[in-house]
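Input: a single structure, listed below in structure tokens.
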Amino acid sequence: MKKIIRLTESDLARIVKRIIKENEEDEDENFWDSIRGFDFGGPKDFTALLSDISDLIDDSESDNDFKMKYRQFTKDNQKDFNRLTDDEKNELDGFINSIMTRHNFN
């Protein structure tokens, strides 16, 4: 059932101003979120790579989606992966497998 409401011009102006203000706040928030995730070019250590991979998994909708994102991530961060020790690489593989299992990606 539809309901009809009556708005005065000032009510409508107030609503439009509120929506514009909320959109500006969202844009500011999105800007700072994008800056936080920006890679400024410094080398990533093991912990930073783990954190980024965890974010990739959380942002992935499926096994294939994660694999595609992970392939691009490893390509973009090849130098950082090459700096890892064999133990760190093994730990990273175990981490990825356990998280993928937890997200039912296997």
Based on C-alpha coordinates, I'd like the Rg and Dmax of the range 40-106, in Å.
11.7, 33
About the Cα centre, charge dipole magnitude for the range 40-106 (Lys/Arg +1, Asp/Glu -1 at Cβ), debye
240 debye
Using a cut-off of 27 Å between alpha-carbon atoms, which lysines can reach Lys17, once sequence neighbours fewer than 8 places away in the same chain are excluded?
Lys2, Lys3
When we measure straight from the Cα of Lys75, which lysines land under 26 angstrom away, once same-chain ones fewer than 8 places off are left out?
Lys44, Lys67, Lys89
Karplus 3J(HN,Hα) series, Hz, for the range 81-96 with 6.51 cos²θ - 1.76 cosθ + 1.60 (x for Gly, Pro)
5, 5, 6, 5, 6, 4, 4, 5, 4, 5, 5, 5, 4, x, 4, 4
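No lab work stands behind these numbers, since they all come straight from the coordinates. Bear in mind the structure is a predicted one, so any value in this text is a computation, not a measurement. Here the Cβ is made from the backbone with ideal geometry for all residues, glycine too, and neighbour counts use every protein chain on show.
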